[in-house]
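Data first, discussion second: the structure below is written as structure tokens.
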Amino acid sequence: AQKITQTQPGMFVQEKEAVTLDCTYDTSDPSYGLFWYKQPSSGEMIFLIYQGSYDQQNATEGRYSLNFQKARKSANLVISASQLGDSAMYFCAMREIGGGADGLTFGKGTHLIIQP
Amino acid sequence: DAGITQSPRHKVTETGTPVTLRCHQTENHRYMYWYRQDPGHGLRLIHYSYGVKDTDKGEVSDGYSVSRSKTEDFLLTLESATSSQTSVYFCAIKEAANQETQYFGPGTRLLVL
């Protein structure tokens, strides 16, 4: 079973609108971390935001916020006031801190295109 | 900027030849990782290291070996490259055990003909 599911292969959004990128995860480990990365067409992986499973509040970083709904195993990324430069692939990822390999498990990504 | 470089950035090789990719970091971080990225798969962990000479396998380690003889360098070797190893390879670092975020290098595009 997939541990990270991103159900939106692609999205078109008008500039200045808010964007929500969906991510659901599957784990039995009570201690885990959730991440979002941005990959522009140039190819680099850019860290955006992190949420720990025990964090009481939703993480925010500038225009990015993570809508963490633990009971639903959901970790959606919200981008407020989208800009043309937000056009990129976005990846949700998880690390199960309790055990296993010390690496991230990634979803397949969402290709976001911001239209003027 | 996490001070991560990867070399080479692009490589074309033939099936059956050995290939070594290098990840170099300037910040003395203990934890280093190798991932591969293929269309439709996101990134997948190949191997990781938690210190000099300390390495472990990830999800897709078959056909790959790694070495870390110095803190700053983490090498990924394809002993006998196959076309299925055509991919983009990313190195990543984690600053400390209690810091979860991984920062990625620029990637290496490898084409195995």
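Across the Cα atoms of region B:49-113, what radius of gyration and what greatest pairwise Cα-Cα distance (Dmax) are found, in Å?
Calculated on Cα positions, Rg and Dmax stand at 12.9, 41 Å.
Could you sort the peptides B:31-39, A:41-49 by per-residue average Cβ neighbour count (10 Å cutoff), highest mean leading? Please report the intermediate quantities before stating the final value.
Numbers: B:31-39: 22.0, A:41-49: 15.1.
Highest mean packing first, the order is B:31-39, A:41-49.
What is the ratio of the Cα radius of gyration of region A:45-87 to 2.2 N^0.38 Å, where N is its residue count, to two decimals?
Details: Rg = 11.3 Å, N = 43, 2.2 N^0.38 = 9.2 Å.
Compactness ratio reported: 1.23.
Can you compute log10 of I(q)/I(0) for region A:1-52 with the Debye formula, treating each Cα as one identical point scatterer, at q = 0.17, 0.30 Å⁻¹?
Computed log10 I(q)/I(0) values: -0.73, -1.30.
So for chain A, considering every pair of alpha-carbon atoms, how many percent are separated by more than 24 Å? If you can, show how the numbers build up before the last one.
Working: 1403 of 6670 pairs.
Tail of P(r) above 24 Å: 21 percent of Cα pairs.
Within 10 Å of each Cβ in peptide B:82-89, how many partner chain Cβ atoms are there on average? Round it to a whole number, please. Walk me through the numbers before you get to the answer.
Details: counts 0, 0, 0, 0, 0, 0, 1, 0.
Mean partner shielding for this stretch: 0.
I need to check one value: relative contact order of region A:34-99, counting alpha carbon pairs closer than 8 Å and at least 6 residues apart, in percent. Before the final figure, lay out each step's value.
On the way: 101 pairs, mean separation 23.8, N = 66.
Relative contact order for region A:34-99 comes out at 36 percent.
What's the FRET efficiency of residue A:44 with residue A:71 using the Cβ-Cβ distance as r and R₀ = 25 Å, to the nearest 0.05?
Values: r = 34 Å, r/R0 = 1.37.
Computed FRET efficiency for residue A:44 and residue A:71 comes out at 0.15.
Based on the Cα coordinates of region B:1-40, what is the per residue volume of their convex hull in Å³? Walk me through the intermediate numbers first.
Values: hull volume 5.0 nm³, N = 40.
Per residue, the Cα convex hull of region B:1-40 comes to 124 Å³.
HN-Hα J couplings of region A:89-94 from phi, Karplus 6.51/-1.76/1.60, θ = phi - 60°, integer Hz, Gly and Pro as x?
8, 10, 10, 8, 9, 9
Can you order the peptides B:43-54, A:68-79 by their average number of other Cβ atoms within 10 Å per residue, highest first? Walk me through the numbers before you get to the answer.
Numbers: B:43-54: 18.8, A:68-79: 16.7.
For the peptides B:43-54, A:68-79, the packing ranking is B:43-54, A:68-79.
In nanometres, what is the gap between the two model label sites at residue A:16 and residue B:59, each 7 Å from Cα along Cα-to-Cβ?
Placing both labels 7 Å beyond Cα along the Cβ direction yields 4.0 nm.
Could you calculate the FRET efficiency of residue A:28 with residue B:9 from 1/(1 + (r/R0)^6), where r is the beta carbon distance between them and R0 is 41 Å, rounded to 0.05?
Rounded to the nearest 0.05, the efficiency is 0.55.
What fraction of the DSSP beta bridges in the protein assembly as shown is antiparallel, stated in percent and rounded to the nearest 5?
Numbers: 72 of 81 bridges.
For the protein assembly as shown, the DSSP antiparallel bridge percentage is about 90.
Could you tell me the extents of the protein assembly as shown's C-alpha atoms along the three principal axes, largest first, rounded to whole Å?
So the three principal-axis extents are 49, 38, 35 Å.
What value in Å³ per residue do you get for the convex hull of the alpha-carbon atoms in chain B?
Numbers: hull volume 10.6 nm³, N = 113.
Roughly 94 Å³ of hull volume per residue.
Quick one: Cα centre-to-centre distance for region B:11-48 and region A:25-96, in angstrom?
23
Using a 10 Å cut-off around each Cβ of peptide A:103-116, what is the average number of partner chain Cβ atoms that fall inside?
Mean partner shielding for this stretch: 4.
Mind checking the mean number of beta-carbon atoms from other chains within 10 Å of the Cβ atoms in A:46-57?
Numbers: counts 2, 6, 0, 1, 4, 1, 1, 0, 0, 0, 0, 0.
Across A:46-57, the average partner-chain Cβ count within 10 Å equals 1.
In whole Hz, what ³J(HN,Hα) sequence does region B:66-81 give by Karplus (6.51, -1.76, 1.60; θ = phi - 60°), x for Gly and Pro?
The phi angles translate into 9, 8, 9, 9, 9, 4, 7, 10, 10, 9, 10, 10, 9, 5, 8, 4 Hz.
Can you find, among B:91, B:16, B:104, the residue sitting farthest towards the positive end of the charge dipole of chain B, where Lys and Arg contribute +1 and Asp and Glu -1 at Cβ?
B:16
A short reminder: the numbers here are calculations on the coordinates, not readings from a lab. Note that the coordinates shown come from a computational prediction; the quantities given were computed from them, not determined experimentally. Positions of Cβ are backbone-derived with ideal geometry, glycine not excepted, and every protein chain shown enters the neighbour counts.
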